[in-house]
Amino acid sequence: MPRTTDPTGQQELPVPLSGPDFGSYPAEDVRWLLTDLGDARLEAPTGEREQAIQSGAANYAESLPVEYTPSAEYQQLYRDALQRSGRRIAEAVGTVTDLLLAAREQQPVLVSLARAGTPVGILMRRWAREIRGIEVPHYTMSIVRGVGADENALRYLAAHYDPARIIFVDGWTGKGAIARELSIALQRFEQTDGVTFNDDLAVLADPGHCVGLYGTREDYLIPSACLNSTVSGLVSRTVFNRRLIGPGDFHGAKFYAGLRGSDVSGQFLDTVCGHFGAVLSAVDRATKLAAAQASQERAPNWAGWKAVEDISRDYGINNVNLVKPGVGETTRVLLRRVPWKILIRPEARAEVTHVLLLAEQRGVQVVEVPDLAYSCVGLIHPLFTKGATGADGRAVAATL
């Protein structure tokens, strides 16, 4: 594999991947700071993965959930959701993109956090080009809770761009775990490599109140959360497995070329981009309002983290990692983890029809919670933790 050098000239680094050889996105839309894991056998049954993750035997990024073609009914729910929310997603894309362009003096380098951030980064790049006439480079890289950001990816970026231009992108916030992970990782990188990246994170939706650059703080469905690789360029979630990833490699991922027949990645992007012209005036109003707001009005207050701590305590789980707030995170719980309960705010039912369908298909209890801080919250099954209870060894046994 071709290599480049880091800023010190002391380490050779791999070059990014791009479509069509890796992923179904056009090469100009995104360059993947990832290692192609090809035919490596990383998929494991959901229950087996959950037990390994919660027992501490493995990090969640050492293996992959099994990718599959969704049912016809579920795919129709995805299409309905995209039809329903495409315009407001476009408005959120335009708003956050204009804000980040201003924050980086119209010369940002977008670095999305794979996988959820990748389609969002592409949408931001397209808004900048199509609406503002600004060409913006876009890369996507891995960050893993408990491991941190891919330091070789950071070295690659530092070798090719002024770090002050870099801005990190994700799809949404839940309780803010990734925002915290990013901040810690960048502080550590500054100490080890002497390179400073700004830790501000730009997202479409910030229901957890964890970031200052966002398109909306409403908790609604971003349809790219509905599916797995088939709406994310046919690329798996990222992998950090020391058996496969060497010290000089980027974190890894797999390209599921065999799922091309179910790929809606391009359609998702084109549908949202089709609304750009119609939302331009609304975006202009939103960005002017944001500029006029006092800084504390948009500053993170981490209200979502507090809500998650309360839910963790109230349901006897005592482990915030098992509480996944927001529509996107709840969807992930149902698609990739072992769910225990789904909490929903009653008036949000129309926003979470796909969550209700998945819960029904998996036999998961749905609990209505008035005044819930999010539209819905997914609780991962705590019986997979050590001692068959919550993280503190007591927890939910009496309530199951």
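The values are calculated or read from the model by the stated rules, or taken from the named source; none is laboratory data. Predicted, not measured: the structure shown is a model, and the values here were computed from it. A quick note on method: Cβ atoms are made from the backbone with ideal geometry, for glycine too, and the neighbour counts reach across all protein chains shown. Surface areas here come from the heavy atoms of the whole protein model, side chains and all, with no ligands, DNA or RNA. Shrake-Rupley method; radii C 1.70, N 1.55, O 1.52, S 1.80 Å.
Worth pointing out:
- Among the residues listed as Val308, Val352, the single one being touching a Cys at 6+ places or on another chain (Cβ under 6 Å), part of a helix (DSSP H, G or I) and at pLDDT 85 or above: Val352
- Neighbours by Cβ (under 7 Å, 6+ apart or cross-chain): first from region 308-322, touching a residue at least 60 places away in the same chain (Cβ under 8 Å) and surrounded by fewer than 19 Cβ atoms within 10 Å (Cβ to Cβ); second in a loop (DSSP other than H, G, I, E, B) and among the basic types (Lys, Arg): Val320/Lys175
- Selection status of Ile178, among the aliphatic types (A, V, I, L, M), under 30 Å from Leu82 (Cα atoms), touching a strand residue (DSSP E or B) at 6+ places or on another chain (Cβ under 7 Å) and open to solvent by 30 Å² or more (accessible area, probe 1.4 Å): yes
- Residue tally, condition among the polar types (S, T, N, Q) and under 17 Å from the mean Cα position of the chain (by Cα), over region 171-208: 2
- Considering residues of region 311-349 that are modelled with pLDDT of 90 or more and of a type in the set (Lys, Arg) only, the residue nearest to Lys175 (Cα to Cα): Lys324
- Helices (runs of 4 or more DSSP H) fully within region 254-298 that include at least 2 residues being open to solvent by less than 30 Å² (accessible area, probe 1.4 Å) and of a type outside the set (A, V, I, L, M): 265-273, 276-292.
- If you filter region 216-229 down to residues that are modelled with pLDDT of 90 or more and within 15 Å of the chain's Cα centre (by Cα), you find that the one that is least open to solvent (accessible area, probe 1.4 Å) is Ser229.
- Taking the numbered list (1) outside any strand (DSSP E or B); (2) closer than 21 Å to Phe240 by Cβ in turn, Tyr139 passes all entries but (1).
- Considering residues of region 87-136 that are of a type in the set (A, V, I, L, M), part of a loop (DSSP other than H, G, I, E, B) and at pLDDT 95 or above only, the residue nearest to Trp32 (Cα to Cα): Val136
- Only one entry in Ala185, Ala202 is open to solvent by less than 10 Å² (accessible area, probe 1.4 Å), in contact with a strand residue (DSSP E or B) (Cβ under 6 Å, 6 or more places away or on another chain), of a type in the set (A, V, I, L, M) and outside any helix (DSSP H, G or I), namely Ala202.
- Leading residue by the ranking (surrounded by the fewest Cβ atoms within 10 Å (Cβ to Cβ)) among those in region 157-175 that are out of contact with any Phe, Trp or Tyr (no Cβ under 7 Å at 6 or more places or on another chain), modelled with pLDDT of 95 or more and outside any helix (DSSP H, G or I): Asp162
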